[in-house]
Amino acid sequence: MTRELGVVGAGTTGQGIVQTAAHAGIDVIFCEKSEESVNEALEAITVALDREIERWGMTKTDKTVILSRIRGTTAPEELKGAPLVIEAVSDNLTLKSKVFSALDSVLPPETILVTNTSSLSITQLAAVTNRPDRVVGMHFLSPVPKRPLVEVVRGLHTSDETVRLAKEFATEIKKTAIEVFEYPGFVTTRLILPLLNEAMHVVMEGVASASDVDTAMTLGYNFPSGPLEVADRMGLDEVLLWMEHLFHELGDLKYRPCPLLRKMVRAGELGVKTGKGFFVYDEAGRRVKSHP
């Protein structure tokens with residue numbers, strides 16, 4: 001059983017991983033670039049737990065216990081006690097490679113290094129380390145505490161033992177793991193992006209409004225959320241990044257980003273994180289109305 005987990009990067013996804021693991025009874029230490037970022041992450045996790053209390057999803061005692069299991073740091077070497085360390089920084093190959101190289105130099109050789117990438121090469125990230133057999137992908141879907149799935153992604157040299165331990169950890173935090181052999185976009189990202197892209201084209205071409213597109217998919221196909229709201233919650237800048245990566249890797253036109261997506265990202269309308277995307281959201285991330 002995993003007693004301690006290390007997490008590098010405490011943005012939205014990193015916070016979700018920290019919260020989920022702590023909720024499962026695991027002590028978590030996360031690393032951020034500054035004390036300010038550490039404090040912001042702790043505050044965001046606290047707010048997320050308060051929302052669960054408001055929804056009767058947990059008690060105040062649950063919140064206290066969860067927070068007692070979480071500690072932040074700015075020193076990567078403090079993650080040495082964790083048998084498994086998850087990197088959850090932005091989905092940028094250069095940045096992730098720097099993080100992996102740094103972790104490889106300060107963590108014990110037996111530590112398993114996990115990347116939360118949604119589309120990048122596990123093999124390429126593993127190549128900057130001296131432990132490619134102990135590098136694996138675990139793609140958590142957002143919001144992490146609410147999504148019961150995780151993709152466990154093998155790189156070229158990932159060992160069977162590493163995959164087994166990653167799957168065991170997924171079970172500990174109450175996630176269903178599917179095993180994926182490395183390929184651009186894996187399973188979930190590869191399948192969802194063409195749907196999101198086509199929904200954006202429908203809006204750009206004036207066929208239907210964003211609201212009506214999402215209504216069509218929620219009522220017509222029983223989707224829990226429409227594709228445009230899903231994109232807003234993923235972050236339109238992240239969606240654009242993933243589309244560009246898959247388009248570059250595969251050359252398939254279905255991954256060529258919709259011009260409307262590019263325009264919105266350039267305008268800083270990134271979805272829930274900025275309060276405005278295809279829809280408008282309040283500070284708690286609740287949808288308010290369609291974009292004017």
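The values are calculated or read from the model by the stated rules, or taken from the named source; none is laboratory data. Since the structure is predicted, the reported quantities are computational estimates derived from the model, not experimental observations. Please note: Cβ atoms are built from the backbone with ideal geometry, for glycine as well, and neighbour counts cover all protein chains shown.
Looking at the range 211-233 only, could you name the residues that are of a type in the set (Val, Ile, Thr) and crowded, with 20+ Cβ neighbours inside 10 Å?
213, 230
Name the residue, out of 77, 40, 110, 36, that is among the charged types (D, E, K, R), in a loop (DSSP other than H, G, I, E, B) and surrounded by fewer than 18 Cβ atoms within 10 Å (Cβ to Cβ).
It is 110.
Could you list, in sequence order, the residues of the range 43-73 that are within 17 Å of residue 6 (Cα to Cα) and assigned to a helix (DSSP H, G or I)?
Passing the criteria: 45, 66, 67, 68.
Of the residues 198, 161, 168, which single one is touching a Ser or Thr at 6+ places or on another chain (Cβ under 9 Å), part of a helix (DSSP H, G or I) and surrounded by fewer than 18 Cβ atoms within 10 Å (Cβ to Cβ)?
Result of the check over 198, 161, 168: 168.
Quickly run through the range 240-257 and pick out the residues that are outside any helix (DSSP H, G or I) and either touching a helix residue (DSSP H, G or I) at 6+ places or on another chain (Cβ under 7 Å) or surrounded by 20 or more Cβ atoms within 10 Å (Cβ to Cβ) (or both). Let's see the steps before the verdict.
Here is the first cut: in the range 240-257, the residues outside any helix (DSSP H, G or I) are 251-252, 256-257.
Of everything in the range 240-257, those that are outside any helix (DSSP H, G or I) and either touching a helix residue (DSSP H, G or I) at 6+ places or on another chain (Cβ under 7 Å) or surrounded by 20 or more Cβ atoms within 10 Å (Cβ to Cβ) (or both) turn out to be 256, 257.
On the given criteria, is residue 191 crowded, with 19+ Cβ neighbours inside 10 Å, within 21 Å of the chain's Cα centre (by Cα) and either among the hydrophobic types (A, V, I, L, M, F, W, C) or in a loop (DSSP other than H, G, I, E, B) (or both)? Before the answer, list the steps.
Numbers: crowded, with 19+ Cβ neighbours inside 10 Å: no; within 21 Å of the chain's Cα centre (by Cα): yes; either among the hydrophobic types (A, V, I, L, M, F, W, C) or in a loop (DSSP other than H, G, I, E, B) (or both): yes.
Spelling it out, it is not the case that residue 191 is crowded, with 19+ Cβ neighbours inside 10 Å, within 21 Å of the chain's Cα centre (by Cα) and either among the hydrophobic types (A, V, I, L, M, F, W, C) or in a loop (DSSP other than H, G, I, E, B) (or both).
Could you tell me which residue of the range 258-275 is farthest from residue 287 (Cα to Cα), considering only residues that are surrounded by 20 or more Cβ atoms within 10 Å (Cβ to Cβ) and at pLDDT 95 or above? Before you say what the answer is, go through the steps one by one.
Going through the range 258-275, the residues surrounded by 20 or more Cβ atoms within 10 Å (Cβ to Cβ) turn out to be 258, 261, 264-265, 270-272.
Okay, now just the ones that are also at pLDDT 95 or above, so 258, 261, 264-265, 270-271.
Details: 258: 23, 261: 19, 264: 18, 265: 19, 270: 14, 271: 10 Å.
Applying the filter and picking the extreme gives 258.
Which of the residues spanning the range 9-31 are hydrophobic (A, V, I, L, M, F, W, C) and closer than 14 Å to residue 173 by Cβ?
Residues satisfying the conditions are 17, 18, 21, 22, 24, 26, 28.
How many residues, within the range 263-292, are in contact (Cβ under 8 Å) with a residue 24 or more places away in the chain, farther than 17 Å from residue 241 by Cα and assigned to a loop (DSSP other than H, G, I, E, B)?
4
For the range 80-107, name all the residues that are part of a loop (DSSP other than H, G, I, E, B) and not charged (D, E, K, R).
Once the filter is applied, which keeps residues that are part of a loop (DSSP other than H, G, I, E, B) and not charged (D, E, K, R), the range 80-107 yields 81, 82, 83, 88, 89, 90, 92, 107.
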